[in-house]
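Below is one structure, written out as structure tokens; the observations come after it.
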């Protein structure tokens, strides 16, 4: 953790942009999501982007490299849906360890290659741990508010398997991201704490929540400040916000986080709000203009992009980040 922490004291670090947006640039077919082991798998696998770390590692490597070349200090592994919970939709629970391990290896290989060329700017890999497609706090059945589709224990087990594989594959830190239900995140953080204790290691942990609408709350109903308070007892590297909103809409909630957090603060917003076709229209210049306010007001230590962002967006953000000082830590 020391190297990343030391860098964060001196400058704003840049996170990569969207993985899905980049994958959409490739004309992929069903065959691209299969290898010899999966050639007879009964379910359609197209769209299971995490699988590409196994079946088309060349594409994932190329995307990581483009983000590093754009100025990113940290790239996220291609493992947003890399839990048994999420992969159950494809009946692929059995490949989850391999999926995460290989995704970590791929990203770390590119990071090491680029760091070797420019040792003065070390590059890092964050193991991406998404929220899963189930929530521990909300019933999916309007007729049975007490029903839960998953338990805390089931989430803990799933997240532990994912985190172990990511660490075995060589990630430098773990990013529990796009949190819409803090109870899910707590299961992930509990699992990571177990691994740290069992292995006698200290893992830098980034936590990033998502505000789902203009009410300024997560899907499970927490305000930004409540979200922060509920995870502040943990030993974290950073806490932040990502997804759901564009930079302009995210700013007031990021300000709350920055004013109250004893951790480093991160933000990786979407490229604006999606249009009626689900596409993101905000240009790199537009997005950079909004993020400039984050930087000028000293709100962040780590900045990047989420849905709709590309290497072009990250280049614009990285150039801006060089001009500003990082947010100073607030002592709780």
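Return the residues of the range 295-306 that are buried (at least 17 other Cβ atoms within 10 Å of the Cβ) and under 12 Å from residue 323 (Cα atoms); say none if nothing qualifies. Please lay out each step first, then the result.
To start, the set of residues in the range 295-306 that are buried (at least 17 other Cβ atoms within 10 Å of the Cβ) comprises 295, 299-306.
The one that is buried (at least 17 other Cβ atoms within 10 Å of the Cβ) and under 12 Å from residue 323 (Cα atoms): 295.
Considering the range 162-203, the residues that are touching a strand residue (DSSP E or B) at 6+ places or on another chain (Cβ under 8 Å) and surrounded by fewer than 21 Cβ atoms within 10 Å (Cβ to Cβ) include one that is farthest from residue 225 (Cα to Cα), namely 170.
The set of residues in the range 303-329 being over 14 Å from residue 8 (Cα atoms) and either without any contact (Cβ under 8 Å) to a residue 40 or more places away in the chain or touching a strand residue (DSSP E or B) at 6+ places or on another chain (Cβ under 9 Å) (or both) consists of 304, 305, 306, 307, 308, 309, 314, 316, 317, 318, 320, 323.
Given (1) over 26 Å from residue 183 (Cα atoms); (2) buried (at least 21 other Cβ atoms within 10 Å of the Cβ); (3) at pLDDT below 95, where does residue 273 come up short, assuming only one miss? Just one mismatch for residue 273, condition (2). Any chance the range 235-249 includes a residue that's in contact with a helix residue (DSSP H, G or I) (Cβ under 6 Å, 6 or more places away or on another chain), at pLDDT below 95, under 15 Å from residue 16 (Cβ atoms) and not in a strand (DSSP E or B)? No, the range 235-249 contains no residue that is in contact with a helix residue (DSSP H, G or I) (Cβ under 6 Å, 6 or more places away or on another chain), at pLDDT below 95, under 15 Å from residue 16 (Cβ atoms) and not in a strand (DSSP E or B). Within the range 44-53, being part of a loop (DSSP other than H, G, I, E, B) and surrounded by 12 or more Cβ atoms within 10 Å (Cβ to Cβ) holds for 45, 46, 47, 48. Quick check on my filter: what residues within the range 1-43 are part of a loop (DSSP other than H, G, I, E, B), more than 19 Å from residue 108 (Cα to Cα) and either in contact with a strand residue (DSSP E or B) (Cβ under 8 Å, 6 or more places away or on another chain) or touching a residue at least 24 places away in the same chain (Cβ under 8 Å) (or both)? Result: 11, 12, 26, 28, 41, 42, 43. For the range 307-332, taking the residues that are outside any helix (DSSP H, G or I) and within 20 Å of the chain's Cα centre (by Cα), the one that is surrounded by the most Cβ atoms within 10 Å (Cβ to Cβ) is identified as 309.
The values are calculated or read from the model by the stated rules, or taken from the named source; none is laboratory data. As the structure is a prediction and not an experimental result, all values here were calculated from the model. Reconstructed Cβ throughout: ideal geometry from the backbone, glycine too, with neighbour counts over all protein chains shown.
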